[in-house]
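Right, one structure below, let's go through it.
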Number of protein chains: 2
Amino acid sequence: MMFFEGSEKKVEAVLKPGHESLRALGKPFWENLVAQANATILSSVHNDRCDAYLLSESSLFVWDDRFLMLTCGTTTLVQAVTEFLKHFSQNELAMLTYQRKNEYQSHLQKSSFDEDLVALSGLLPGTAWRLGHLDGHHNYIFHSEAAYQPDADDATAELLMYHIQGQAADYLRSPSQTLEGVRALFNWQGMLPDFQFDDFLFEPFGYSMNGIRGDRYVTVHITPQEDSSYVSFETNLDKAELGPVLDQLLRLLQPQSYDVISFNLATKLAHQGGVVRVDQAEQRLPIGYTMRFEHFMVPPKAPLSATRL
Amino acid sequence: MMFFEGSEKKVEAVLKPGHESLRALGKPFWENLVAQANATILSSVHNDRCDAYLLSESSLFVWDDRFLMLTCGTTTLVQAVTEFLKHFSQNELAMLTYQRKNEYQSHLQKSSFDEDLVALSGLLPGTAWRLGHLDGHHNYIFHSEAAYQPDADDATAELLMYHIQGQAADYLRSPSQTLEGVRALFNWQGMLPDFQFDDFLFEPFGYSMNGIRGDRYVTVHITPQEDSSYVSFETNLDKAELGPVLDQLLRLLQPQSYDVISFNLATKLAHQGGVVRVDQAEQRLPIGYTMRFEHFMVPPKAPLSATRL
């Protein structure tokens, strides 16, 4: 059975005010950072606030004072973070977070979160947490220790969808899919007006999209493989714009299991009938973010068949 | 945080009729097999049908025509199976199954199920299945290919409990616990009349119990550690006796998540209020067993705090 670990690792770092712009570091700096994670830059879009890079495994967004990088598969994002910390000292850094989700097959990863934690803690004083039970979906986060106060509009949300079903899922798994077909399926322009998009269709399956509008971003990564499908959506859209987008993604992709993770944002979704919130956690992090984690499932109505290996 | 992987791997093998008794192989044979898995024999009880060994990591039961071995932690049960297959050819073997559950921390295991499968398939033609979704609780089984017809009373059930709560759980985690205290807590004699018991209290926590009555067995293994607690109960008790025992264990241990796995037995439990069956699978295996898997959860009523690592 074809398997690809869609689940992403994620780093976000913010520099202290008055520091030289991260965008001014230029593409070679970011190419090197991405290479540390075992990924490469495929393409990019730019506006006057943000450089958005589409990677061979997920995405990188660079603003003047911060960057955000997500990588999936068996990438080694922690090595990109340690590389970044060689260039920027604790005195220059306002805040850093490093997140990992539960993986479908964690034993295939190059390192565990515990091992990443050892590497990061040696370079930067910090604290780590797990939201969600260890035997179910969960999310790990490491964050820098120093006091930090996020801006009022610094709020992000992640919708992580597992076991997608229905016509859209079938299309995303079909050998006849095209880039135009996937775009039409989601209708990004209609869903996210005035965004500038950059997307890529992988062979034989898989799709990634970055979108930016001013300092707002969206990023979507699709691993459609039957038995281990995974679609992630992450954004810093404000609450009013966010709700309809998340609802539309849920309607379209019909995931049998999904997580909602948010920072300084309480989401309210239009869950379909039969959905159960099986786990929920909330933690006020000492760096000024309230982190929320919710895991939803749609229990099967009748016993499923086993999967033959 | 103290972590021990309670989740067991399991092998069951049946010899063809007319073969010399497995019990006649003697303790050194079984000591060697147990050593292959990186476990040791702690104690044993015997009756005229069965030898039951309590292991440093779980249990071994030997009958004339079959044996059953469970091992937890980071044991290498697959190596015990490959050792067994050096002594018994396909022609002598009526049936063999090898099972693995999802682990709390699969990346700490010495091998994955996929790797075990490669080792086993090289020695014995067989088929492997997974019941339950890959991102949630699930159970893997490999079984031999040859046609097999189980006896009418060959039915087994496993109750696997996660995140135990309440007074019993508190006692099982308390430094002041005693072997007598644990026995009194469960009242094995009352729960399982006429069984002969053998049990062991580990330092600083953890408890194992084997019980036999004729050719019937029960085995209980408790890993009480907060954040990753796990209690397994497995038996070939008949349906009438089984129901009240499972219900009593659920009432006593109040697991927040549990699996029921059965072979040729449809269980019906008295689930407490608020319990949701979040996954279920059923598969008719070509060796004459219908295998059932159910995962139940008790969703938290309010957000939980994060676990600080």
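Checking the a/c ratio against 1.5 first, then a/b against b/c, what shape does the Cα gyration tensor give for the range B:1-113? Here the range B:1-113 falls in the prolate category. The range B:193-255 and the range B:258-273 have Cα centres lying 15 Å from one another. The mean number of Cβ atoms from other chains found within 10 Å of a Cβ in peptide B:110-120 is 1, as a whole number.
Judged by the mean number of other Cβ atoms found within 10 Å, the most tightly packed of the peptides B:177-189, A:156-168, B:115-127 leads the ranking A:156-168, B:115-127, B:177-189.
Shielding of peptide A:135-147 by partners, expressed as the average count of other chain Cβ atoms within 10 Å per residue Cβ, is 3. Here the protein assembly as shown was treated as a single set of alpha-carbon atoms; its pair distances binned every 20 Å from 0 give 19, 48, 27, 6, 0 percent. Can you tell me the relative contact order of chain B? Whole percent, Cα pairs under 8 Å, sequence separation 6 or more. Across chain B, relative contact order equals 19 percent.
Over the heavy atoms of B:D151, what accessible area does a 1.4 Å probe trace out, to the nearest 10 Å²? About 90 Å², ignoring ligands and nucleic acids. Solvent-accessible surface of protein heavy atoms, probed at 1.4 angstrom with all chains present, puts A:R216, A:R284 in the order A:R284, A:R216, largest first. Structure note, pairs B:K10/B:K239; A:K10/B:K110; B:K27/B:K268; A:K9/A:K301; B:K239/B:K301; A:K301/B:K10: Cα-Cα distances above 31 angstrom occur for B:K27/B:K268; A:K9/A:K301; B:K239/B:K301. DSSP loop (so not H, G, I, E, B), at most 12 other Cβ within 10 Å: list which GluC sites (Glu not before Pro) in the range B:1-52 pass both filters. The qualifying sites are B:E20. The residue among B:L253, B:N264, B:L285 whose Cα reaches farthest toward the positive pole of the charge dipole of the range B:246-309, with charges on the beta-carbon of Lys, Arg, Asp and Glu, is B:L253. Peptide B:193-204 is shielded by partner chain Cβ atoms: per residue, an average of 0 of them sit within 10 Å of its Cβ. Rounded to whole Å, give me the distance from the Cα center of the range A:1-66 to that of the range B:73-138. Rounded to whole Å, the Cα centres lie 41 Å apart. Ordered by 1.4 Å accessible area with all protein chains kept, B:R292, B:R49 run largest first as B:R49, B:R292.
Largest first, the three principal axis extents of the alpha carbons in the range A:84-127 are 37, 18, 15 Å in whole numbers. Taking 25 °C and 0.890 mPa s as conditions, the range A:9-297 diffuses translationally at an estimated 127 µm²/s according to Stokes-Einstein applied to its Kirkwood radius (Cα pairs). Charge dipole (Cα centre; +1 on Lys/Arg Cβ, -1 on Asp/Glu Cβ; no other charges) of the protein assembly as shown amounts to roughly 560 debye.
The values are calculated or read from the model by the stated rules, or taken from the named source; none is laboratory data. Quantities reported herein were computed from a predicted structural model and do not represent experimental measurements. Every residue, glycine as well, gets a Cβ built from its backbone with ideal geometry; the counts of neighbours run over all protein chains shown. Side chains are part of the model used for accessible areas, which takes the heavy atoms of the whole protein and leaves out ligands, DNA and RNA. Shrake-Rupley method; radii C 1.70, N 1.55, O 1.52, S 1.80 Å.
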